[in-house]
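Asks: The structure is given below, and queries will be raised subsequently.
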Amino acid sequence: MQITNPTAIKNDSVKISKTTIYFELLGNAYFYSFNYDRLIYIKNKFKISTRAGISYFPNLLISSPTSKNSKIYSHNILVPVELNLIYGKKNNIEFGIGETMRLLIDKNEPKQFVDDFAFIPVARLGYRYQQTKGGVFISAALLTYFFILENKHYYSRPFSPFVGLGIGYTFKNKKT
């Protein structure tokens, strides 16, 4: 007859790593973004995460294709936020909804600091590689931007498909 120590079983259990930082090429912020993702609910293979990121890019005014004197005439700051439903252990399918907040700052209008502020809804269907113990994080997704209300004067379609590719790191839990 074998007697098992209950504290040994407790130490063998796996704690799931919840915090990820990653770089996304294209994706919710059009060109790139730096992101923080946190698992907020975990039940067997089902997980829910929240994500927030930031991106910046200038709009350039180029006087001619051969000119080396291009000037920045406005700045774009994008902040994607998202709620994701995730299913799987290491190889996951991911469904997400969120929005990208876009702030346009025009350098030519000093009296008007913010030239344009928009909320652009986004839907995501993708693949996510994320180990429960932490380590490398990889994602690939198909996205749809929904251009509605105040944004429809900018675009000829109400929605637009896009892709996003992410790579990052899920922090490992500290050993106790």
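The values are calculated or read from the model by the stated rules, or taken from the named source; none is laboratory data. All values derive from a computational prediction rather than experimental measurement. FYI the Cβ positions are ideal-geometry reconstructions off the backbone, even for glycines, and counts take in every protein chain you see.
Asks: Restricting segment 149-176 to residues that are in contact with a helix residue (DSSP H, G or I) (Cβ under 9 Å, 6 or more places away or on another chain) and outside any loop (DSSP other than H, G, I, E, B), which is modelled with the lowest pLDDT?
Replies: It comes out as Phe162.
Asks: From the residues in segment 40-56 that are of a type in the set (S, T, N, Q) and assigned to a strand (DSSP E or B), which one is nearest to Lys90 (Cα to Cα)?
Replies: Selected residue: Ser49.
Asks: Now, a different point. Does segment 135-143 contain at least one residue that is of a type outside the set (Asp, Glu), in contact with a strand residue (DSSP E or B) (Cβ under 6 Å, 6 or more places away or on another chain) and at pLDDT below 85?
Replies: No, segment 135-143 has no match at all.
Asks: Does any residue of segment 30-37 turn out to be of a type outside the set (Lys, Arg), at pLDDT below 95 and crowded, with 17+ Cβ neighbours inside 10 Å?
Replies: Scanning segment 30-37, I find at least one residue that is of a type outside the set (Lys, Arg), at pLDDT below 95 and crowded, with 17+ Cβ neighbours inside 10 Å, so the answer is yes.
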